[in-house]
Amino acid sequence: MTDVGTVVVLAGGLSHEREVSLRSGRQVAEALRDEGLEVIESDVDSGLVERLDGLPGAVVFPLLHGETGEDGALREVFRLLDVPFVGSDGAACRVAFDKSIATTVVADAGLATPEQVALPHEIFRELGAQALVSALAKRIGFPMMIKPSRSGSALGCTKVATPDELPAAMVAAFAYGSVAVVETFIAGTEVAVTVIDRGDGPVALPAVEIRPDSGIYDYAARYTAGATRFLCPADLPDPVSQRCSEVALTVHRLLGLADLSRTDLIVRPDGVPVFLEVSVAPGMTETSSVPLAIEAAGWGIGETCADLARAAARRGRG
């Protein structure tokens, strides 16, 4: 078993998901310490590079959510510094984090995805909402989902049922990024499938079914204790659960992801899983689906995170 030096749990950052990231970081840091590993918790600041330089043999465990942590830029810095890190490399992160790109890649591979249109803010502003409503209604149809192309935790996401609701929903999405995606609303059962590679190849963990009390899995439903009911394993027929696992594994490999990912799906009434998005730095809070899936798999969170750090250390020494 590869020895691991100090594990630097990186959490916080300046994205809209800072507080969630800090909660994820605390959970993972505590779990790693319970495994006997030396852990330093760090934010992203001007002292980070110097801090890493002073820790030879350290491994970074990035738990930064949102653009700063999931767009791949920081991981390029780690590679520049020759610091091993848990998770996907910068190039894979760039593709996975952008919904307009990831959805296209997944659809081109033959997997089910929503019908989607990506609209930059400049185009929407110049052409005007009214000019686009009829075209979007014809192409996408109502209800539809409006989302920022590059954001997480359902921030800026709105379900739109009528044309009158579209302009405000677009403004809400543009508050979190310069490109919004407009998608077909897919009705069905929402599930999240975690894929983890502890060193022997990627494995799909039991699917987590998500049942928000409000009916919408928004930011409050994700991070308010008791606001959402999680079923793990999901209440799905075995063949459908198996198909969800296959889709998550395919997405993980297709996008070139490493170590861990979480694929969000909607299972249609006909049993077909539809890809929504994938996270390269999934939440690890007390209300997140990943720890539930790890527990349902019979794994410990601490030992799993430690194995991920060891795998990163092996790559760094390889």
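The values are calculated or read from the model by the stated rules, or taken from the named source; none is laboratory data. What you see is a predicted model; the values in this text were computed from it and never measured. Positions of Cβ are backbone-derived with ideal geometry, glycine not excepted, and every protein chain shown enters the neighbour counts. The protein model used for the area step is the full one, side chains on, heavy atoms only, and it has no ligands, DNA or RNA in it. Shrake-Rupley method; radii C 1.70, N 1.55, O 1.52, S 1.80 Å.
Just a few scattered comments:
- Percent accessible area from carbon and sulfur atoms, region 229-310, protein chains only, probe 1.4 Å: 49 percent
- Between amide H atoms placed 1.01 Å from N, distances below 5 Å from Glu115 occur with Thr184, all of them 5 or more places distant or on a separate chain.
- For region 297-314, Karplus couplings with θ = phi - 60° (6.51, -1.76, 1.60), whole Hz, Gly/Pro x: 6, x, 9, x, 5, x, 5, 5, 5, 5, 5, 5, 5, 5, 5, 5, 4, 4
- Convex hull volume per residue in cubic angstrom - Cα atoms of the chain: 128 Å³
- Counting every alpha-carbon pair across region 253-318, the share separated by more than 21 Å comes to 38%.
- Under the Debye formula (equal points on every Cα, no solvent term), log10 I(q)/I(0) of region 10-61 at q = 0.16, 0.20, 0.30 Å⁻¹: -0.50, -0.75, -1.17
- Environment charge at Asp45 (Cβ cut-off 15 Å; Lys +1, Arg +1, Asp -1, Glu -1): -2
- Each Lys or Arg adds one and each Asp or Glu subtracts one; over the other residues with Cβ under 13 Å from the Cβ of Ile186, this totals -3.
- Taking packing as the residue-averaged number of other Cβ atoms within 10 angstrom, the listed peptides 294-300, 284-290, 234-240 run from highest to lowest as 284-290, 294-300, 234-240.
- On a per residue basis, the chain carries 43 Å² of accessible surface, using protein heavy atoms and a 1.4 Å probe.
- Percentage of interatomic Cα-Cα distances in region 174-318 larger than 23 Å: 37 percent
- Straight-distance crosslink candidates among lysines, where the alpha carbon sits under 17 Å from Lys147 and sequence neighbours closer than 8 are dropped: Lys99, Lys159
- Overall form of region 85-142 per C-alpha gyration tensor (a/c, 1.5; a/b vs b/c): oblate
- Per-peptide packing, taken as the mean over residues of other Cβ atoms within 10 Å, places 84-95, 126-137 in the sequence 84-95, 126-137 from highest down.
- Summarising the amide proton neighbourhood of Phe85: residues at separation of 5 or more, or on other chains, whose placed amide H is nearer than 5 Å comprise Val60.
- Taking the 1.4 Å solvent-accessible surface of region 1-128 as the whole, the part contributed by carbon and sulfur is 50%.
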